[in-house]
1. Could you please find all residues in segment 66-111 being within 23 Å of Ser169 (Cβ to Cβ), touching a Pro at 6+ places or on another chain (Cβ under 9 Å), without any contact (Cβ under 8 Å) to a residue 40 or more places away in the chain and in a loop (DSSP other than H, G, I, E, B)?
2. Hey, can you tell me all the residues within segment 83-102 that are surrounded by fewer than 17 Cβ atoms within 10 Å (Cβ to Cβ), of a type in the set (D, E, K, R) and in contact with a helix residue (DSSP H, G or I) (Cβ under 7 Å, 6 or more places away or on another chain)?
3. What pairs come out if I take residues in segment 1-19 that are within 12 Å of Pro76 (Cβ to Cβ) and pair them with residues that are polar (S, T, N, Q) whose C-beta lies under 6 Å away, six or more apart or interchain?
4. Give segment 164-176 a look and list any residue that's touching a residue at least 24 places away in the same chain (Cβ under 8 Å) and hydrophobic (A, V, I, L, M, F, W, C), or say none.
5. Would you check which residues across segment 12-29 are under 20 Å from Arg168 (Cβ atoms) and surrounded by 15 or more Cβ atoms within 10 Å (Cβ to Cβ) and list them?
6. Does segment 63-82 hold any residues that are crowded, with 18+ Cβ neighbours inside 10 Å and either closer than 17 Å to Met134 by Cβ or polar (S, T, N, Q) (or both), and which are they?
7. Here is a check on your reading of the model: is Gly52 among the small types (Gly, Ala, Ser), surrounded by 18 or more Cβ atoms within 10 Å (Cβ to Cβ), touching a residue at least 40 places away in the same chain (Cβ under 8 Å) and closer than 29 Å to Ser200 by Cα?
8. Within segment 103-127, work out how many residues are among the polar types (S, T, N, Q) and surrounded by fewer than 17 Cβ atoms within 10 Å (Cβ to Cβ).
Amino acid sequence: MEDARTTAARTHFDRWSETYEHDSAARWLREVQTEALAALALHGDDVLLDVGCGTGAAVRDAAGTIRRAAGFDLSPGMIAQATELARTDGIDNAEFHVGDVSGALPFADGAFTALVCTTAFHHFPRPRDTVAEMARVLAPGGRLVIADANRRHPAVFTLDLVLRVTQRSHAGFRSPAQLMHYLTAAGLRRAAYCTKLWRSYAFVRAEKAIS
């Protein structure tokens, strides 16, 4: 049976999909995505997966400099917008998939050399399982960046408590230490983080070992 938070998130983001890139949060979200992509140091041979891609802005931004890009999101409305925006921009090396991060990602082992997830992880009800799947689809030597609000910040901690009660799709913010623990438990290495906005937002990066 699907987690109630997943059902609520799908409904929430389907409703938001048509205005997602045009509302007051769009510019800030795009800035965060740009910084997360920069932390991946993408190059021409990379194949990128964006988990929780929304309307695909990060995928479109990266597609011009890498071999292939894919977006994955639970919201059919978001994926429909992402597909249309990529088509309008003439991007032919991007693809988008609808699915739930609570289960297995629909990609082969080692399919991607880079993976990004921005401002979405707090909606994931099974974070350890999701990170394990992220690690599985990442190729040896691949890089991963998860960016989200930092629960160690007092304001974020308070917001987290409020959202756990008032927002049905909210599974919980994590601290950088928690995220790094998930990543290392999944077999990734060189986990590190940096913060912005007075430490209220964190970028956590890790790599998959070359075996």
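1. Residue satisfying the conditions is Gly99 alone.
2. Asp89
3. Filtered contacts from segment 1-19: Arg10/Ser75; Phe13/Ser75; Asp14/Ser75; Ser17/Gln81.
4. Correct list: Ala171, Phe173.
5. Answer for segment 12-29, where residues must be under 20 Å from Arg168 (Cβ atoms) and surrounded by 15 or more Cβ atoms within 10 Å (Cβ to Cβ): His12, Phe13, Asp14, Trp16, Ser17, Tyr20.
6. Hits for segment 63-82 are Ala69, Ala70, Gly71, Phe72, Asp73, Leu74, Ser75, Gln81.
7. Details: among the small types (Gly, Ala, Ser): yes; surrounded by 18 or more Cβ atoms within 10 Å (Cβ to Cβ): yes; touching a residue at least 40 places away in the same chain (Cβ under 8 Å): yes; closer than 29 Å to Ser200 by Cα: yes.
Yes, satisfied.
8. Residues meeting the conditions: 0.
The values are calculated or read from the model by the stated rules, or taken from the named source; none is laboratory data. Predicted model, so just to flag it, every value in this text is computed and none were measured. Neighbour counts run over all protein chains shown; Cβ positions are idealised from the backbone, glycine included.
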